[in-house]
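The next block holds one structure in the form of structure tokens; read it before the comments.
Values in this text are rule-based calculations from the coordinates and carry no lab data. Quick caveat: nothing in here was measured; it's all calculated off a predicted structure. Positions of Cβ are generated from backbone atoms using ideal geometry, with glycine treated the same way; all protein chains shown enter the neighbour counts.
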């Protein structure tokens, strides 16, 4: 239960601060300071959470990370389901809290299709998630990397956001996309939930592929 509470808290913080920064900094390709601030916010949340709840739950706060751990045998199906539920509930709560502060007359950090193209958006999100999760496997594979793991993972998430925001707003995390989309839909914006499946399916595929590839590369 402590692990699930930690995952709930971590995902709540990720959505509240990450998506919150996107809203207040008016993130967009025509506003580069806001763009960079948003990328940094998501990365810094990971750093903060890694060193606060990492020793409790491993600080997945992302179903794509959890499915990769399932694929590599680092968690079982029951643990995976529990983590995903806690992450999604945390993301919804984080989006609801954010909406309570800034209202719902904005994007709430929701993701969108690149040029309205589902295939392109799927490919982009799979690649971004693959790179992010592969880095997680690499930096957590040896104990001597432990002290730097949170920083490396946070910087990698910042990296994928710096590229990905211009395309899809960067998801690489089904829970992070689902939370804001659900709150927007509840507020009356039904379109917000329409393409959210892309940002659930693609990160899960990218995370699973990262686990499979890393397991093959690390096999002796």
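Region 11-107 has equivalent-ellipsoid semi-axes of 27, 15, 11 Å, by the square roots of 5 times the alpha carbon gyration tensor eigenvalues, sorted largest first. Between residue 148 and residue 193, the distance separating the two model label sites (each 7 Å from Cα on the Cα→Cβ line) works out to 4.5 nm.
Taking the highest mean first, how do the peptides 48-60, 115-127 order by number of other beta carbon atoms within 10 angstrom per residue? Write down the numbers at each step before the final one.
Numbers: 48-60: 20.1, 115-127: 16.8.
Top to bottom by mean Cβ count within 10 Å: 48-60, 115-127.
For the chain, the alpha-carbon coordinates run over 51, 36, 31 Å along the three principal axes, in decreasing order.
Neighbour counting of Cβ atoms within 10 Å sorts the residues 19, 195, fewest neighbours leading, into 195, 19.
Of interest is the spacing of the C-alpha centroids, which for region 193-220 and region 11-42 amounts to 24 Å.
Taking each residue as 0.36 nm, the span from residue 141 to residue 29 lengthens on full extension beyond its C-alpha to C-alpha distance by 36.7 nm.
At full extension, residue 102 and residue 119 could sit 2.9 nm farther apart than now, given 0.36 nm per residue minus the alpha carbon distance. Entry note, the chain: the mean residue ellipticity at 222 nm calculated from DSSP H runs of n ≥ 4, each adding -39500 (n - 2.57), is -22500 deg cm²/dmol after division by the residues and rounding to the nearest 500.
By average Cβ neighbour count within 10 Å, what is the ranking of 154-167, 73-86 from highest down? Provide the component values of the computation, followed by the final result.
Values: 154-167: 20.0, 73-86: 15.9.
Taking the mean over residues of other Cβ atoms within 10 Å, the ranking is 154-167, 73-86.
For the Cα atoms of the chain, what angle does the longest principal axis make with the long axis of helix 32-50, in degrees from 0 to 90, nearest 10? Long axis of 32-50 versus the principal axis of the chain: about 40 degrees.
Look at 140, 11, 72, 29 and count the other Cβ atoms within 10 Å of each Cβ; fewest to most, that gives 29, 72, 140, 11.
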